[in-house]
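Everything on this sheet refers to the single structure shown next.
The values are calculated or read from the model by the stated rules, or taken from the named source; none is laboratory data. Treat the numbers as computed from the prediction; the structure is a model and nothing was measured. All Cβ positions, glycine included, derive from the backbone under ideal geometry; neighbour counts span all protein chains shown. Accessible surface areas use protein heavy atoms only, side chains included; no ligands, DNA or RNA. Shrake-Rupley method; radii C 1.70, N 1.55, O 1.52, S 1.80 Å.
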Amino acid sequence: MKINEIIKTKRIEKGLTQEQVANSLGVSTPAVNKWEKAVSYPDITLLPALARLLDTDLNTLLCFKEELSDQEIGEFVNELANFAREHTLDECFTLAQKKLQEYPNSDKLKLNITITLDGLGMFTNEKKIVAHINQIQAYYHDLKNSKDTQITQYATTRIIYYEMEQAHYEKAEQLLKELPDELPFDRQQIHATIEKQKGNLDEACKLMEQKLLRITNDLHACFSFLMNIAWQQGRINDCDMLADKFQTIAKILDLWEYTSRVLPFELAVKKKDVDASIACLKDILETLSLPWQMQASVLYQHIPSKENNPKMTQMLSKQILYDLANPEHEEYSFIQQDERFQDIIKQYKEKGIDRFLEDL
């Protein structure tokens, strides 16, 4: 708590009014009111008397034992780690508890100490015993109720792993449901780990394969973004390398052929390279007609495969051609009058796929 909160809390605990505090200290009632609202602060000469009146000490009144800076926390964590090299885990826990007693309201300190104690068993020759594990879990449970959401989420995640270690899978799953969708931790991996521990191996595989698929989408977006920046900066060779590298990644990760063709086509358009643009366009339209057999890949064999929908691929093909042929899209003007492009449009019209193309 801050000094204004401490003054108000202690005053109420003592059953004193603001006027009584003011009379005892020889100041006005509005002055005490301003202290409690953090509009102003008591004169330094009044602090000893104010502490005595509120039955507290100056350290508490001035919040010296409430908050620590990140640097101070880091220094103590380093001290604790160094202490562990020559002392037992019991002694480390005693040192940590002493520090926590000095700063009982610093959740950030407690979190860093708990993480350090949690990991000490891996870095010392001594293994954590049941009492140590119980104490660490107790700290995490306390931190689960922190007002800092990041601390709460981290503590909850660690509790989930402890529950899994004890085969308390229902508790672990319930805690996972309590966490928000947007996490600094990988929610899906935690879920997959729970399913693996429960023996539901196919479900665990499916969850991780879905995660891999999400990562591939992110990779595509990242490479596209980096290629556009490189183009803006005039780094044409880097653009070529990025497009080529993503094609290699797409092949390694068994992605749909269409996915690997998009970046080369975007780059050919940026270069206004008619031959390359037409060649890439033909590749794209051809690969759109080829279904992606996900389950044929060891990487996605547990993900339910959806049947290739001809209408969807036709729709995507038409939309691509419509965008390219639309005279309002000046960036494509360099290919719009090319005979090969016009032939492609004609072929699609002859196939009766012309709702999008009838006005072109």
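Side notes on the structure shown:
- Within segment 23-60, restricting attention to residues that are under 38 Å from the mean Cα position of the chain (by Cα) and among the hydrophobic types (A, V, I, L, M, F, W, C), the residue that is modelled with the lowest pLDDT is A38.
- Condition met for N217 (under 26 Å from the mean Cα position of the chain (by Cα) and farther than 24 Å from P291 by Cβ): no
- For the criterion of being touching a helix residue (DSSP H, G or I) at 6+ places or on another chain (Cβ under 8 Å), at pLDDT 90 or above and either outside any helix (DSSP H, G or I) or open to solvent by 60 Å² or more (accessible area, probe 1.4 Å) (or both), D202 fails.
- Near pairs, Cβ below 7 angstrom, 6+ apart or cross-chain, from segment 109-122 (modelled with pLDDT of 85 or more and open to solvent by 10 Å² or more (accessible area, probe 1.4 Å)) to any residue that is hydroxyl-bearing (S, T, Y) and part of a helix (DSSP H, G or I): K110/Y139; L111/Y154
- Flag for T152 being in contact with a Ser or Thr (Cβ under 6 Å, 6 or more places away or on another chain), modelled with pLDDT of 90 or more, in a helix (DSSP H, G or I) and β-branched (V, I, T): yes
- Residues that are surrounded by fewer than 21 Cβ atoms within 10 Å (Cβ to Cβ), modelled with pLDDT of 90 or more and at negative phi within segment 244-258 comprise D244, K245, Q247, T248, I249, K251, I252, L253, listed in sequence order.
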